[in-house]
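Trainee: Mind looking over this structure? Questions follow.
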Amino acid sequence: MVRITYVQGDITVESADALVNAANSALLGGGGVDGAIHRRGGPEILAECCELRAGRYRDGLPAGQAVATTAGRLPARWVIHTVGPVWRGGGFREAELLASCYRSSLARADELGAKSVAFPAISTGIFGYPIAEAAQIAITTLRDTPTEVEEVRLMCFNDDTWDAYRAVLDQV
């Protein structure tokens, strides 16, 4: 079973085999985690994302799926980009899509041979997913998904995220 921990800090300085990017479907950078990963990682990440957009993902990466690129100048080997759902009240398959982000990211990590993966709180920023619900989905999905990944670090950018992960992990 994968070991799950939570860490307060900036995902772009976290050392892991793979960092997960809470991307938008365009894969071309943006705000929040996505923009930070692209800025710190450098042009190599954007170049690979452009190749993905020119090929298989001409219409963008669908919510719930994940793809991997180089990590550029980040302290990781790879970036796994996943697109979380935009919160629309909970009646539009948001929970299913969010769980799929975590499962798909672990599947890409397994394909790459990654043993350590750092995740942001997918969809809880500009996409508006309530952090308490997102933390429950993240931890349950990561705990219940078969994987060769040995360590998952849940990155907490703020105190609300820290408190949400702590509350869920204290229950399990």
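Trainee: Taking just the C-alpha trace of region 24-110, give me its Rg and Dmax in Å.
Mentor: Radius of gyration, then largest Cα-Cα span, for region 24-110: 12.9, 39 Å.
Trainee: Also: Assuming R0 = 41 Å, can you tell me the calculated FRET efficiency for the pair GLU111 and ASP159, based on Cβ-Cβ distance, to the nearest 0.05? Intermediate results must be reported in sequence, preceding the final value.
Mentor: Numbers: r = 35 Å, r/R0 = 0.84.
It comes to 0.75.
Trainee: If you add up the charges near ASP163, with Lys and Arg at +1 and Asp and Glu at -1, over every other residue whose beta carbon is less than 14 angstrom from its beta carbon, what do you get?
Mentor: Details: positive: ARG166; negative: GLU133, ASP159, ASP160, ASP170.
Once positives and negatives cancel, what remains is -3.
Trainee: For the chain, what is the mean residue ellipticity at 222 nm derived from helices alone (per DSSP H run of n ≥ 4: -39500 (n - 2.57); sum divided by total residues; nearest 500 deg cm²/dmol)?
Mentor: Numbers: 5 runs with 68 residues, N = 172.
Counting only the DSSP helices, I get -12500 deg cm²/dmol.
Trainee: Going by amide H atoms built from the backbone, whose H comes under 5 Å of the H on CYS156, apart from near neighbours?
Mentor: The list, which skips near neighbours in sequence, is VAL7, GLN8, GLY9.
Trainee: Let me ask another. How do TYR6, TYR57 rank when sorted from fewest to most other Cβ atoms within 10 Å of their own Cβ?
Mentor: Fewest-to-most Cβ neighbours within 10 Å comes out as TYR57, TYR6.
Trainee: When only DSSP loop residues count, what GluC sites (Glu not before Pro) in region 110-172 have their Cβ near at most 14 other Cβ atoms within 10 Å? Walk me through the numbers before you get to the answer.
Mentor: Details: sites: GLU111, GLU133, GLU148, GLU150, GLU151; in loops: GLU148, GLU150.
Answer in residue order: GLU148, GLU150.
Trainee: Along the Cα→Cβ direction, 7 angstrom out, place labels at GLU148 and ALA47. What is the inter-label distance in nm?
Mentor: Spacing of the two 7 Å Cα→Cβ label points: 2.8 nm.
Trainee: Here is a further query. Tilt of helix 131-144 relative to the longest C-alpha principal axis of the chain, in degrees (0 to 90, nearest 10)?
Mentor: 80
Trainee: Nearest 5 percent is fine: what portion of the DSSP beta bridges confined to region 3-171 is antiparallel? Spell out each step's value before the answer.
Mentor: On the way: 5 of 23 bridges.
Among the beta bridges of region 3-171, antiparallel pairing accounts for roughly 20 percent.
Trainee: Calculate how steeply helix 43-54 sits against the longest principal axis of the alpha-carbon atoms of the chain, using the helix alpha-carbon long axis, and give the answer as 0 to 90 degrees to the nearest 10.
Mentor: That helix lies at roughly 80 degrees to the long axis.
Trainee: What order do you get for VAL2, VAL117, VAL172 when you list them from fewest to most C-beta neighbours inside 10 Å? If you can, show how the numbers build up before the last one.
Mentor: Working: VAL2 18, VAL117 30, VAL172 9.
With the fewest neighbours first, VAL2, VAL117, VAL172 line up as VAL172, VAL2, VAL117.
Trainee: Once you keep just the Cα pairs under 8 angstrom separated by 6 or more residues, what percentage relative contact order results for the chain? If you can, show how the numbers build up before the last one.
Mentor: Numbers: 364 pairs, mean separation 54.0, N = 172.
Answer for the chain is 31 percent.
Trainee: Let me ask something additional. Return one number: the angle in degrees, 0 to 90 and rounded to the nearest 10, between the long axis of the Cα atoms of helix 159-171 and the longest principal axis of the Cα atoms of the chain.
Mentor: The angle comes out at about 60 degrees.
Trainee: If you work out log10 I(q)/I(0) by the Debye sum over Cα atoms at q = 0.13, 0.18, 0.19 Å⁻¹ from the coordinates, which of [x] -0.55, -1.11, -1.25; [y] -0.64, -1.29, -1.44; [z] -0.73, -1.11, -1.19 do you get?
Mentor: Of the listed options [x] -0.55, -1.11, -1.25; [y] -0.64, -1.29, -1.44; [z] -0.73, -1.11, -1.19, [x] comes from this structure.
Any read-out appearing in this document is the output of simple, stated calculations on the displayed coordinates, not a laboratory observation. Just so it is clear, the model here is predicted, and its values are computed rather than measured. Glycine also receives a Cβ, built like all others from the backbone with ideal geometry; neighbour counts cover every protein chain displayed.
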